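For reference, the structure discussed in these notes is given below.
The values are calculated or read from the model by the stated rules, or taken from the named source; none is laboratory data. Being a predicted model, the structure only gives us computed values, none of them experimental. Cβ placement follows ideal geometry from the backbone for every residue including glycine, while neighbour counts extend to all protein chains displayed.
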Amino acid sequence: MEEIDLKELIAIFMRKKFLIISVLIIAGILGAIYTINFIVPEYQSSTKLILVQVREQNQDVDEDMTASITATDINLNSNIVHNYTEVVTSKLVANQVIQNLNLNMSVDQFLAGLSVSSLPETEVIEITVTNTEPELACTIANEVAAVFVQKTEEIFKVNNIYVLDTAEVDNIPVNIHLIKNIFIAACIGLVIVSAYILLINTLDTTVKSDTDIERILKVPVLTSIVYTDDSVKKKTKSKSSSSSSSYGPTESKNSYKTTYRNGGKM
């Protein structure tokens, strides 16, 4: 297998630097056009709910028992958070919200834009709704929270969920990242143009330098002849004739003799 010379590889890319720069610019422009014109903006709104333990006011317990029960209740709440998150994403809640808001979407479409998460080491549940309309996302999030509280009371026969933060309208899309997409498109363009340059260089078997001859024939190059076209030769002759004519014939010969006698030193 032919070894890859790093210097030669860098020289290859340097010779194609204008092509590389052009591809990077075009790829970045295409990434910006795709982001602006073809990505549908989506907006998110979130609401937070907390689980608390509700006690009867006439419940008579001492302080030690209260502390013990409170710790137990907290552990119990932590265990049922998972069950509550399943209720939020159930079809029972989805159908009720769709009916209440007269939404023109199926249950699957509704659930696709709904996500529920519980904050670590807390009894806080966060409901997030994603939609192409920011106002509708906010309305759905708040309605989901209200229906969830209602259904929880019906199913578990408890009233231990309260809304911490209601959803608000957010007009900043969450799926449009212009700079990021431009950078990604430029990286893809760089990979493509690099692969193209390497492929073309690999398929090109022509001899370009004495190094190629040594590598192919396995013999050292003793001498090489520099090729110049006729235009370069004519320019060289015209420069040499103009420089010699500026001294005159006698002065030119004397300069030559002096150079010869002094061993090439003027």
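Among the helices (runs of 4 or more DSSP H) confined to the range 61-145, the ones with at least 1 residues that are of a type in the set (D, E, K, R), more than 26 Å from residue 172 (Cα to Cα) and at pLDDT below 95 are located at 63-88, 91-101. Checked against the criterion of being of a type in the set (Ser, Thr, Tyr) and in contact with a Ser or Thr (Cβ under 7 Å, 6 or more places away or on another chain), the candidates 115, 106 yield just one match: 115. Scanning the range 102-123 for residues that are touching an Asp or Glu at 6+ places or on another chain (Cβ under 9 Å) and either among the polar types (S, T, N, Q) or over 26 Å from residue 161 (Cα atoms) (or both) turns up 115, 117, 118. Taking the range 155-266 and the helices (runs of 4 or more DSSP H) fully enclosed by it, the elements with 2 or more residues that are at pLDDT 70 or above and loosely packed, with under 10 Cβ neighbours inside 10 Å are at 178-203.
Looking only at residues in the range 10-26 that are touching a helix residue (DSSP H, G or I) at 6+ places or on another chain (Cβ under 6 Å) and assigned to a helix (DSSP H, G or I), which one is surrounded by the most Cβ atoms within 10 Å (Cβ to Cβ)? Of everything passing the filter in the range 10-26, 23 is surrounded by the most Cβ atoms within 10 Å (Cβ to Cβ).
Conditions (1) farther than 18 Å from residue 109 by Cα; (2) not assigned by TED's automatic domain parsing to the domain that holds residue 31, marked per residue:
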residue	(1), (2)
131	no, yes
150	yes, yes
153	yes, yes
156	yes, yes
159	yes, yes
171	yes, yes
186	yes, no
190	yes, no
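For residue 143, indicate whether it is buried (at least 18 other Cβ atoms within 10 Å of the Cβ) and among the charged types (D, E, K, R). Yes, satisfied.
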